[in-house]
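For reference, the structure is listed below as structure tokens.
The values are calculated or read from the model by the stated rules, or taken from the named source; none is laboratory data. The structure presented is a predicted model; accordingly, all values stated were derived computationally and were not measured. Methodologically, a virtual Cβ is constructed for each residue, glycine included, from the backbone with ideal geometry; neighbour enumeration extends over all protein chains shown.
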């Protein structure tokens, strides 16, 4: 039990020694995300819970510190998903999506960061009970908090937790597919430029 406070102090001291998020630096890396969300359909004022969606996303990203501790950037997301129906009138499906998401990230001195992002993209869904594929326009919004764990002067792991919403809508339909929930991901970043 005595080892935990020593480990925590060492970790914060290590992060403090490396955590310099100065103007002009860049970050290059990405993240992997796994999430399970409740799936709802909304048509007008009626909302119906349809099932549970499991998603896996890989997102390479790039950012630039416009001032000390504040970075802006963008990520390109590739998502694979599987939906399990809770409604006897609908079928299970698998899907893919590609999104482009600009982000804003603010760092506290101890390596804690807060991030907001908004993205747009397209997705394709294949239902298990038919040969038809459906294409959708998508949007997403997420707020999260994370922690920078420097492995070297420039390389870091970044565990992150947050809440996000993804919406999809086919061009020929008034129905929106809405997925919301908590996510966890681990990022890998390389910080470039002078400290």
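Odds and ends about this structure:
- The selection criterion, being exposed (fewer than 14 other Cβ atoms within 10 Å of the Cβ) and within 20 Å of residue 60 (Cβ to Cβ), does not hold for residue 157.
- Applying the condition of being more than 22 Å from residue 161 (Cα to Cα) and touching a strand residue (DSSP E or B) at 6+ places or on another chain (Cβ under 7 Å) to the stretch 109-130 and asking which residue is modelled with the highest pLDDT yields 121.
- Selected residue (criterion: farthest from the chain's Cα centre (by Cα)) from residues of the stretch 167-179 that are part of a strand (DSSP E or B) and either free of Cβ contacts under 8 Å to residues at least 40 places away in the same chain or surrounded by fewer than 16 Cβ atoms within 10 Å (Cβ to Cβ) (or both): 169
- Some residue of the stretch 90-102 being within 23 Å of the chain's Cα centre (by Cα), farther than 18 Å from residue 120 by Cα and at pLDDT 95 or above: no
- Close pairs (7 angstrom Cβ cut-off, 6 or more residues apart or separate chains): on the phi < 0 side of the Ramachandran plot and loosely packed, with under 13 Cβ neighbours inside 10 Å in the stretch 129-147, in a strand (DSSP E or B) and at pLDDT 95 or above anywhere: 143/116; 143/162; 143/163
- If you check 64, 106, 163 for being at pLDDT 95 or above, out of contact with any helix residue (DSSP H, G or I) (no Cβ under 8 Å at 6 or more places or on another chain), closer than 19 Å to residue 42 by Cβ and surrounded by fewer than 19 Cβ atoms within 10 Å (Cβ to Cβ), only one passes: 163.
Here's the yes/no breakdown for (1) surrounded by fewer than 20 Cβ atoms within 10 Å (Cβ to Cβ); (2) in contact with a helix residue (DSSP H, G or I) (Cβ under 8 Å, 6 or more places away or on another chain); (3) free of Cβ contacts under 8 Å to residues at least 24 places away in the same chain; (4) within 30 Å of residue 111 (Cβ to Cβ):
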{"residue": "34", "(1), (2), (3), (4)": "yes, no, no, yes"}
{"residue": "46", "(1), (2), (3), (4)": "yes, no, yes, no"}
{"residue": "52", "(1), (2), (3), (4)": "yes, no, no, no"}
{"residue": "59", "(1), (2), (3), (4)": "no, no, no, yes"}
{"residue": "70", "(1), (2), (3), (4)": "yes, no, no, yes"}
{"residue": "81", "(1), (2), (3), (4)": "no, no, no, no"}
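- Of all residues in the stretch 83-101, exactly one satisfies the criterion of being under 30 Å from residue 23 (Cα atoms) and exposed (fewer than 15 other Cβ atoms within 10 Å of the Cβ), namely 100.
- The one condition in (1) in contact with a strand residue (DSSP E or B) (Cβ under 6 Å, 6 or more places away or on another chain); (2) at pLDDT below 85 that residue 172 fails to fulfil: (1)
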